[in-house]
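In what follows, a single structure is set out as structure tokens and then discussed.
The values are calculated or read from the model by the stated rules, or taken from the named source; none is laboratory data. Predicted, not measured: the structure shown is a model, and the values here were computed from it. Heads up, the Cβs are rebuilt from the backbone with ideal geometry, glycines too, and the neighbour counts pull from every protein chain shown. Calculation scope for accessible area: heavy atoms of the full protein, side chains included, ligands and nucleic acids excluded. Shrake-Rupley method; radii C 1.70, N 1.55, O 1.52, S 1.80 Å.
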Amino acid sequence: MRLPVAFLGLFLAGPAATRLGAQPAPLAAKIRTTSYGVPHVLAKDLAGAGFGFGYAFAREELCTVADRWVTVRGERSRYFGPEGVRDGQQEVTNLQSDFYWKRVLALDVVGRELRQAAPVGPTNEVREMVRGYAAGYNRYLAQVGVAGIPDPRCRGKAWVRPITEEDVYLRALHWTGLTSRRWIGPMADAVPPTDRGLRSPGPAGQDHGAPAAPLLTTPTPPPAKLTMSNLIALGRDATDNGRGMVFINPHWRWHEPERFFEAHLTVPGQLDVYGGALEGLPFILFGMNRHVAWSHTASVPRRETVYQLHLLPGSEPSYLYDGRAMPLKPLTVTVDVRQPDGRIAPVRHTFWETHFGPVVADQNFVWTDSTAYAVRVVTWSFRWLNQQVGMMTARSARELDQAGQRYLALGWLNTAAADDSGRVVYADRSAVPNVDDALLARCVTSDLGRKLQGGIAVLDGSRADCEWATDPDAPVPGIMGPRRLPMLDRTDFVMNSNDSHWANNPAQPLEGFASIVGDERTPRSLRTRNGLAKITGRLAGTDGLPGNRFTLAQLEQITMNNRVYSAELWRDSLVAQCRRMPNQKGIPEACDVLSRWDMTDDLDSPGAVLWRRFMENLTGGPTPEPEFFTVPFDPRDPATTPRGLNTANPKVTRALVTAISNLRDSGMPLGAILRDYQIEERSGKRIPIHGGPAQTGQYNLAHISETGWVPGKGWKNMIHGSSFIMWIQYTDKGPVARSVLAPSQSDNPDSPHHADQTLLFSEKKSKPVLFDETAILADPRLEVVDLTAGPPVRPKARPR
């Protein structure tokens with residue numbers, strides 16, 4: 001169905017303009033799309049850049065992100081029913097998700113933020129880009145109509161409709177609140193003791209309730225630790241030309257709306273930035289401009305605390321706070337739910353609000369007549385959008401970090417950067433609750449708090465001195481200021497692979513920070529150590545490559561060499577143990593396979609599958625348990641300890657025997673290769689994927705399949721792993737870069753860009769980044785769209 005022309009002006013204006021009666025400036029952009037579907041958006045202002053970006057993105061990925069708009073509007077149950085759905089990283093039901101987002105809407109979180117001036121509220125730059133993005137997305141939808149969407153996944157669907165600026169801001173909350181959405185289930189389960197067991201989803205208008213306390217089955221959500229992503233920033237002492245270099249590889253989703261989209265945005269004199277953007281937002285998350293390149297990895301600080309409430313007797317629910325009664329305030333939301341017979345019926349749910357945040361309940365946090373628990377989170381803010389724009393426009397690594405210090409708002413990310421002068425910076429510029437160890441010592445007073453300490457901080461909610469503290473250098477109350485957060489400023493290198501701040505350059509350990517910020521003097525993951533080995537081997541000149549500094553080609557080669565770090569530590573010891581074992585099914589054949597293996601997860605490396613199964617049977621985490629090492633961890637040497645395989649541990653032999661049986665019993669050769677058994681399927685095409693999982697110490701992460709290992713078939717279809725990969729070097733003439741978006745630009749099975757870069761990635765290939773006008777205009781597949789207030793000009797293709 002085409003949208004009526006009468007509505008088009010409304011969609012282009014956006015809600016803010018129509019509410020205020022103001023007429024926005026005319027929106028215009030030129031979209032130059034080059035090989036692999038990369039749009040290069042040229043506009044005279046930031047709103048125009050957002051406009052062109054929104055249009056170009058919708059043309060490729062409208063159906064993928066349209067599902068996310070349904071989520072943040074709290075409408076999943078209306079269109080898809082109330083049952084379960086995977087929401088990014090959390091397993092929640094549609095109904096739970098809808099209650100959560102209806103609460104966000106009822107609290108007017110977006111409006112509250114937009115009414116604040118920067119730096120707390122969005123800057124004018126952010127507002128303009130969001131305005132343009134929503135208008136560009138809607139412009140494309142108006143042009144093709146819902147019934148004419150090329151992507152069959154959402155063509156003609158009732159849940160596809162124009163977006164508002166509020167939708168884009170809600171998408172921003174969805175992203176920055178990733179680690180805190182684990183509380184969605186406990187928030188929905190929080191029902192007063194007198195109401196439990198009396199309400200459940202049912203006929204129209206009936207309330208939703210939780211079961212009685214003894215029946216609560218929701219476990220306390222563990223602290224979110226995202227073991228994904230690699231970054232390296234190299235300074236003048238580590239590169240062949242004395243200028244900065246950056247390696248970007250966020251290990252992230254390959255499908256669904258949590259994908260990255262490759263783009264280039266240019267506003268002459270104001271913005272010129274290339275990189276990967278999160279689907280549904282007009283900001284480059286990782287990338288480069290003319291002077292500085294940067295990337296992020298998931299960081300480890302905790303983003304919330306739980307407060308134990310001392311409830312007071314009486315007819316009105318309340319809790320004790322500094323000697324006075326504070327009300328528990330009900331907040332009732334209504335969700336439209338599709339019934340089995342297709343009817344739509346409203347279902348209500350009541351949240352209970354405190355000045356800390358909502359009441360939660362699960363197996364640990366049980367709401368009784370005398371006690372309840374509320375969670376306070378730090379991630380509900382749009383300051384992080386200001387911070388991203390500050391990074392996109394920075395002129396040096398230090399200036400980029402200054403944007404981080406000014407806003408301190410990235411929801412759960414580290415940042416590292418290198419610039420054209422050869423300086424590198426690492427910092428955690430995220431929002432961290434201002435809860436130091438002294439506050440924990442005086443405010444964790446309950447048995448439950450002591451039991452959960454180290455994971456979730458459960459603080460005394462009856463005392464004002466247990467509130468989050470305020471630092472004078474923090475942009476808002478309750479978070480740590482930049483002087484209390486880790487930072488490195490160097491000229492050799494910084495790196496991170498999701499471990500804490502402590503050893504991102506072992507020559508300068510970062511110590512003495514509050515425990516909520518992260519662990520110190522603890523073993524690093526095998527993947528972190530793999531990254532450190534790559535860097536130190538290159539700088540020592542011991543990696544077999546010429547010289548002892550990085551060239552751009554060497555950075556790409558080294559970061560994609562698929563070395564399996566656990567094998568480098570343990571393979572020879574395991575082979576020796578294997579040869580000591582009596583001959584049995586698969587022995588000594590397995591010993592021979594492993595002894596000949598090149599210790600990589602390349603596609604044609606016999607032994608990679610067998611080693612993977614050995615490690616998966618031995619350990620489940622990114623850092624194997626201490627019992628498997630012969631040399632213990634030494635905090636003075638985090639890069640090479642612990643090491644040595646404890647073959648006297650019977651679990652080692654058992655894991656090997658089980659791995660051999662896994663292959664033999666399912667008809668797979670012991671020398672099975674990943675080309676045959678690690679597959680991504682795209683439109684009927686089987687694409688082999690190199691790389692491996694975290695527990696092997698693989699740097700090039702590949703998390704294949706919800707089901708994991710399937711006997712006889714291996715691993716099928718990527719969940720997350722290496723995604724938007726970029727290698728950047730600054731030169732006298734500006735940045736030179738290569739990239740590959742491993743999942744490809746589009747999740748639309750009918751798009752020509754559904755698998756093109758996935759095939760590149762499979763072959764360990766990349767493409768040149770087209771950053772200069774000359775390179776963009778010379779691309780043989782260039783298509784140009786002039787997008788103005790009138791109908792857009794049809795794409796003009798260059799002769800091939």
Residue list for segment 635-648, restricted to those being more than 31 Å from the chain's Cα centre (by Cα), of a type outside the set (A, V, I, L, M, F, W, C) and either at negative phi or open to solvent by 60 Å² or more (accessible area, probe 1.4 Å) (or both): ARG636, ASN646, THR647
Subset of segment 473-530 (residues that are farther than 22 Å from ALA417 by Cβ and either open to solvent by 50 Å² or more (accessible area, probe 1.4 Å) or acidic (Asp, Glu) (or both)): PRO477, GLU511, GLY512, SER515, ASP519, GLU520, ARG521, PRO523
Where ILE660 falls short, out of the listed (1) touching a strand residue (DSSP E or B) at 6+ places or on another chain (Cβ under 6 Å); (2) touching a residue at least 40 places away in the same chain (Cβ under 8 Å): (1)
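Among the residues of segment 305-318, which ones are outside any loop (DSSP other than H, G, I, E, B), surrounded by fewer than 24 Cβ atoms within 10 Å (Cβ to Cβ) and touching a residue at least 40 places away in the same chain (Cβ under 8 Å)? Break it down stepwise before answering.
Of segment 305-318, the ones outside any loop (DSSP other than H, G, I, E, B) are 305-312, 318.
Checking the rest, the ones that are also surrounded by fewer than 24 Cβ atoms within 10 Å (Cβ to Cβ) come to 308, 310-312, 318.
Correct list: GLN308, HIS310, LEU311.
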Wholly within segment 531-627, helices (runs of 4 or more DSSP H) carrying at least 1 residues that are surrounded by fewer than 19 Cβ atoms within 10 Å (Cβ to Cβ) and more than 29 Å from the chain's Cα centre (by Cα): 565-580, 589-596
Index of the failed condition, ASP465 passing every other in (1) within 30 Å of ASP322 (Cα to Cα); (2) part of a loop (DSSP other than H, G, I, E, B): (2)
Considering residues of segment 135-186 that are acidic (Asp, Glu) and either more than 20 Å from GLY52 (Cα to Cα) or open to solvent by less than 30 Å² (accessible area, probe 1.4 Å) (or both) only, the residue nearest to the chain's Cα centre (by Cα): ASP167
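Specify the residue that is farthest from ASP420 (Cα to Cα); the eligible residues are those in segment 723-736 that are open to solvent by less than 10 Å² (accessible area, probe 1.4 Å) and of a type in the set (A, V, I, L, M).
The initial filter retains those residues of segment 723-736 that are open to solvent by less than 10 Å² (accessible area, probe 1.4 Å), namely 723-728, 730.
With of a type in the set (A, V, I, L, M) added as a condition, the list becomes 725-726, 728.
Working: ILE725: 20, MET726: 16, ILE728: 11 Å.
Within segment 723-736, the match that is farthest from ASP420 (Cα to Cα) is ILE725.
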Of the criteria (1) assigned to a loop (DSSP other than H, G, I, E, B); (2) open to solvent by less than 10 Å² (accessible area, probe 1.4 Å); (3) of a type outside the set (Phe, Trp, Tyr), which one SER421 fails: (2)
Check on TRP101, modelled with pLDDT of 95 or more, part of a helix (DSSP H, G or I) and open to solvent by less than 10 Å² (accessible area, probe 1.4 Å): yes
Qualifying residue in segment 254-262 (condition: open to solvent by 10 Å² or more (accessible area, probe 1.4 Å), assigned to a loop (DSSP other than H, G, I, E, B) and over 23 Å from ILE704 (Cβ atoms)): no
Contacts under 8 angstrom Cβ, first residue in segment 278-292 being outside any loop (DSSP other than H, G, I, E, B), partner among the polar types (S, T, N, Q), 6 or more apart: ILE284/GLN388; LEU285/GLN388; PHE286/SER295; VAL292/SER396
Filtered residues of segment 321-367 (kept if open to solvent by 40 Å² or more (accessible area, probe 1.4 Å) and on the phi > 0 side of the Ramachandran plot): ASP322, GLY323
Filter pass, PHE614 being modelled with pLDDT of 95 or more and more than 20 Å from LEU603 (Cα to Cα): no
Selection count where residues are charged (D, E, K, R) and not in a loop (DSSP other than H, G, I, E, B), scope segment 472-502: 4
